[in-house]
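Just so it is clear, none of the values below were taken in a lab; they were calculated from the coordinates. Since the structure is predicted, the reported quantities are computational estimates derived from the model, not experimental observations. For neighbour counting, all protein chains shown are included, and Cβ atoms are generated from backbone atoms with ideal geometry for every residue, glycine included.
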Amino acid sequence: MGLFDAFSARFVSYDCFNCGRGVQSSAALRGKTDTCPHCGWKNAVPAKSGGSVSPTPYQLFRRALDASDVQEKVRLLKQALEICPTHQRSLKELGILLQDQCREYALAAEYLRRAADNAIEVLNNEPILDFRMNLLDRAATCYTHVGRYADAVSLWERVLREGRWSPNAAGKIRYDLEAARAKMQGRPAPARTYGSRRQTAAGIDRVLNTLESRSLAEACAQATGRDELVTLVQSWGFPKEDAENLVYDALLCCASAKGEALRLYRRKFGDAT
Ligand SMILES: [Zn+2]
């Protein structure tokens, strides 16, 4: 018996069902489960090396990332979740895709919450608590798009209670929470203050005009579009944090009632023109 044969008689090699990395289990564990040393997933040990189910949820997830078409990505991720309904990577990716690209907010919220509930491992160096809280924050935003303000409020209350947020991030969440509460009670959304009063109204106005001159939907959906806008607003003389808030508020205005929001800002901060 050669060295390789001796090794393969004692070990079974296969790719982890969940994280796709290579795993070796003792041959004695064939047909039983063994824990992946990389991610902690309990794999069913195949009878022979390379003999695990194919494709694995991880392989489908990778294919979804590589696919250029959004509907194809959605199809592959749903297929991964049929094989493994708790696959953390696929749940997260599908939730974000449905929210940012497809705007299927009710469904997106469902997947985002499932991703948070089933988080078992650190992805991209993001601690599990932060992973959960960021996705729940997204889910709450989705609820506001479909008028489920009570669900949004209770989720944001939880996210503020359990999450670790920078003062700036916590401020944004508190604002969202107040806006959702206002909607629930039929009140107008509160306006935020930053910089000088005139600057704020002028900033919102300019961001909205800039948005109108581009493809509005695209700018709202793309994180890169947002970053670009923030850089632009900074070039108008706003500090980074104020620029981020202005862009954020302007996007909220166009997503819901732009005219109403602008009137509110003008009343609060004065006519900036
Ligand atoms: Zn693994």
For residue 226 and residue 146 in the same chain, what is the full-extension length gain: residue separation times 0.36 nm, less their Cα-Cα distance, in nm? 26.6 nm
If you rank 131, 11, 61 by fewest surrounding Cβ atoms within 10 Å, what's the result? 11, 131, 61
Report the gain in length on full extension from residue 44 to residue 154: 0.36 nm times residue separation, minus Cα-Cα distance, nm rounded to one decimal. 35.7 nm
Measuring from centroid to centroid over Cα atoms, what is the spacing of the stretch 110-188 and the stretch 30-49 in Å? 35
